1. Give the lysines whose C-alpha is closer than 23 Å to that of LYS43, dropping any in the same chain fewer than 8 places away, or say none.
2. Using a simple charge model, +1 on the beta-carbon of Lys and Arg, -1 on the beta-carbon of Asp and Glu, nothing else, what dipole does region 1-93 show about its Cα centre, in debye to the nearest 20?
Amino acid sequence: QGQLVESGGGLVQAGGSLRLSCVVSGGTISGAAMGWFRQAPGKEREFVGGISWSGTTRYVDSVKGRFTISRDNAKNTVYLQTNSLKPEDTAVYFCNKIVDSVTPIPIYNSWGQGAQVTVSS
């Protein structure tokens, strides 16, 4: 299994933006679907969106139009651009390989440490 390292989190005001990165080491993301998840305090981890091996993206309704996922296979890195952030986006954000965006079942058993995103009102 590869290792997942997320970064780019921080504290922003509502309406702000952050760009999160996820580097996969010890494995390749080429040919794989990748997904972003988040876990808010006291809640279960939820799927946010995914990107197929060919670059097709899919998002949950709550972030559609505000979040954008991209990938750089040469760098084994997936990105999550978050715009127009809202206080309800506050969570720890994680990435993982997934079966596909329609069936976003995580493939790696071990998760990274995540990237904390805090949005103040």
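Only the coordinates and a few stated rules stand behind these numbers; no lab work does. Being a predicted model, the structure only gives us computed values, none of them experimental. Every residue, glycine as well, gets a Cβ built from its backbone with ideal geometry; the counts of neighbours run over all protein chains shown.
1. Straight-line reach from LYS43, under 23 Å: LYS64, LYS86, LYS97.
2. Details: 10 positive and 7 negative charges, 27 e Å.
The calculated dipole for region 1-93 is roughly 120 debye.
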